[in-house]
Amino acid sequence: TAIKTITVVNIEPTAQINVQNEVIWIGEWTTLDAAQSSDVDGRIVEATWSWTDATGTINSDSGFEIHMIPLANMVVTLTVLDDMGSTATAELQLSAVQGPMITDFNTESKGKSVVLEWGWNGPNASFNILRNGILIGTTASESYTDAPLFAGETSYAIQPQIGDMTLVAGTS
């Protein structure tokens with residue numbers, strides 16, 4: 001009987017960052033994922049993220065997908081761990097640019113109605129209309145007429161929505 005022992009060395013995984021947004025806008029949600037990371041001799045079991053923005057602020061998160069709101073340009077690092085304990089990292093520079101926003105938001109009381117008008121400097125969007133923080137309607141135009149059922153001070157907000165992404169910084 002002949003016996004020979006061999007040790008197969010674990011091959012390190014490959015980390016890859018995928019940015020799901022076409023454009024990274026300052027103050028708006030951005031989604032990153034590690035879905036394209038791989039391990040040829042096993043599987044990826046963990047993904048951890050860290051990022052540093054232009055102000056030096058450091059943050060971290062874990063999971064195969066993360067959501068963040070960049071306030072400046074940042075460097076993102078992804079570290080993946082495979083089922084044999086090996087790690088790999090990938091680094092990406094995210095360049096955030098000023099996104100679209102509501103401009104020239106005006107309100108006018110006309111009898112029992114309130115007319116809202118605004119400008120928009122971005123791509124095609126729909127606009128959620130919020131009265132005192134509560135959604136009361138959605139429109140594709142840059143005006144909306146509301147008929148509140150009560151007298152007194154009322155607060156309105158216009159919240160742009162591009163596809164399924166509701167803007168944060170672009171809201172007025």
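What the table shows:
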{"read-out": "Verdict on GLN36 being among the polar types (S, T, N, Q), in a loop (DSSP other than H, G, I, E, B) and without any contact (Cβ under 8 Å) to a residue 60 or more places away in the chain", "value": "yes"}
{"read-out": "Strands (runs of 3 or more DSSP E) within the stretch 86-162 that include 3 or more residues on the phi < 0 side of the Ramachandran plot, among the polar types (S, T, N, Q) and open to solvent by 80 Å² or more (accessible area, probe 1.4 Å)", "value": "102-110"}
{"read-out": "Qualifying residues in the stretch 38-79 (those that are at pLDDT 95 or above, open to solvent by less than 60 Å² (accessible area, probe 1.4 Å) and of a type outside the set (A, V, I, L, M, F, W, C)) - the one farthest from GLY99 (Cα to Cα)", "value": "ASP39"}
{"read-out": "Hits in the stretch 10-37 (condition: out of contact with any strand residue (DSSP E or B) (no Cβ under 6 Å at 6 or more places or on another chain), open to solvent by less than 70 Å² (accessible area, probe 1.4 Å) and charged (D, E, K, R))", "value": "GLU28"}
{"read-out": "Inter-residue pairs, beta-carbon under 9 Å, first in contact (Cβ under 8 Å) with a residue 40 or more places away in the chain and in the stretch 117-142, second surrounded by fewer than 14 Cβ atoms within 10 Å (Cβ to Cβ) and among the β-branched types (Val, Ile, Thr), 6+ apart", "value": "TRP118/THR103; TRP120/THR103"}
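The values are calculated or read from the model by the stated rules, or taken from the named source; none is laboratory data. What you are looking at is a predicted structure, and each value in this text was computed from that prediction instead of being measured. Virtual Cβ from ideal backbone geometry, glycine too; neighbours counted across all protein chains shown. For the accessible areas, the whole protein counts, side chains as well, though only heavy atoms, and no ligand, DNA or RNA atoms are used. Shrake-Rupley method; radii C 1.70, N 1.55, O 1.52, S 1.80 Å.
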